[in-house]
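Remarks on the structure that follows.
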Amino acid sequence: MERADLNELNAIKRELQQIINELDSISNGVRYDFANVGNQTCATRIKEAANNYRSVLRKLNLMDTNTVATEFASRNY
């Protein structure tokens with residue numbers, strides 16, 4: 001991968017981590033600050049969304065950027 005592509009991938013990873021952190025914070029706030037209004041179910045669903053993002057981030061972190069074909073690394077979407 002080109003340096004610019006690696007920089008973009010790292011920016012995506014950072015953004016995903018920020019989203020995960022925010023969702024975890026929201027989940028905890030809902031769970032503990034909004035008692036008796038379905039807060040447990042709501043907090044659980046938010047946590048599940050965070051876990052989905054966590055799974056994506058884990059896969060990105062495991063990706064071997066040395067094996068990514070150039071034609072896929074530099075596509076403009």
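Angle, helix 3-33 long axis vs. longest principal axis of the chain, Cα atoms, 0 to 90°, nearest 10?
Here the helix axis deviates by roughly 0 degrees.
Need the full-extension length gain, E8 to T44, defined as separation in residues times 0.36 nm minus the C-alpha distance. One decimal, nm.
That pair, E8 and T44, stretches by 9.8 nm at full extension.
Report the label-to-label distance for D24 and N66 in nanometres (one decimal), using points 7 Å from each Cα along the Cα→Cβ vector.
It is 3.0 nm.
Rounded to whole Å and sorted largest first, list the principal axis extents of the Cα atoms in the chain.
Result for the chain: principal-axis Cα extents of 53, 20, 15 Å.
Would you order L57, L62 from fewest to most other beta-carbon atoms within 10 Å of each residue's own beta-carbon?
By the 10 Å Cβ count, ascending: L62, L57.
How large is the helix-only mean residue ellipticity at 222 nm for the chain, computed as the sum of -39500 (n - 2.57) over DSSP H runs with n ≥ 4, divided by its residue count, in deg cm²/dmol to the nearest 500?
Numbers: 3 runs with 59 residues, N = 77.
Estimated from H runs of four or more residues: -26500 deg cm²/dmol.
No lab work stands behind these numbers, since they all come straight from the coordinates. All values derive from a computational prediction rather than experimental measurement. Quick reminder, even Gly has a Cβ in these numbers, built from the backbone with ideal geometry, and neighbours come from all protein chains shown.
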